[in-house]
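Visitor: Take this structure, written in structure tokens, and hold onto it; I'll ask about it next.
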Amino acid sequence: MKIVIFGPPGSGKGTYATLLKSQLGIPHISTGDLVREEIKNKTPIGDKIVKYSNSGKLVPDEIITQILKRRLSPDLSKGFILEGYPRSIEQAKQLENMTKIDVVINLNVPSEVIVSRLSARMQCKNCGSIYNEQTLKPKVPGKCDKCGGALFKREDDQPKIILERLKVYEQTSSPVVDYYRARGSLRDVIVDDPNASPDIVVKKIMSLI
Ligand SMILES: [Zn+2]
């Protein structure tokens, strides 16, 4: 099964993708993680990406596509859950050249729910794991379950900034969503309860794929 998961920032798509990964036994591939890895390992591509972001430019489509292509090729037969890609019609076409996507999950989350969820979000300073004061509490308050690192709130998780990020997401994602809707592979999942447990949402997703 080859799945793409779409959702605004704060929709919980990373959490759902991780749960789907263990239920379906296929890898979760996040282009955000792939990019961070290239930068961390100081690869030639990673250095290029740093140069682009330092000069305030967007990383060109073909660089992201190149990284993804390399990561995707060993898993093409087994399937995968792809997150963070495609972000444009051009990327959707590139992906189509690589493989056929079976289903695209589109998470529909009202902005109030996202604001409420992101304002409660905490991240581990050490390993980057995400927690939530309401829905995904760490076992020990303020400490990461995985590595014991300190949890903090991100600067860009303030309501005003969140609404701005949602507007940008809406503008860039809607052509890609329409593209898959027209192809009949889009499945809408509505998440309108800010305290919905990730398991319930994943159950909904599983019933659609
Ligand atoms: Zn941690």
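The values are calculated or read from the model by the stated rules, or taken from the named source; none is laboratory data. A quick note: this is a predicted structure, and the numbers were derived from the prediction, not measured. Cβ coordinates were reconstructed from backbone atoms using ideal geometry, including for glycine residues, and neighbour counts include every protein chain displayed. Heavy atoms of the whole protein, side chains included, go into the accessibility calculation; ligands, DNA and RNA do not. Shrake-Rupley method; radii C 1.70, N 1.55, O 1.52, S 1.80 Å.
Visitor: Read through the list (1) open to solvent by 90 Å² or more (accessible area, probe 1.4 Å); (2) without any contact (Cβ under 8 Å) to a residue 60 or more places away in the chain; (3) over 19 Å from residue 5 (Cα atoms), then give the number of the only condition that residue 203 fails.
Guide: (3)
Visitor: If you don't mind, there's one more thing I want to ask. Within the bounds of the stretch 134-146, is there any residue that is under 18 Å from the mean Cα position of the chain (by Cα) and among the small types (Gly, Ala, Ser)?
Guide: Scanning the stretch 134-146 turns up no residue that is under 18 Å from the mean Cα position of the chain (by Cα) and among the small types (Gly, Ala, Ser).
Visitor: Give all pairs with beta carbons closer than 9 Å in which a residue from the stretch 141-169 that is more than 15 Å from residue 126 (Cβ to Cβ) and of a type in the set (Phe, Trp, Tyr) meets a residue that is away from the ligand (no atom under 16 Å from the Cβ) and in a loop (DSSP other than H, G, I, E, B); count only pairs at least 6 apart in sequence or on separate chains.
Guide: 169/7; 169/8; 169/9
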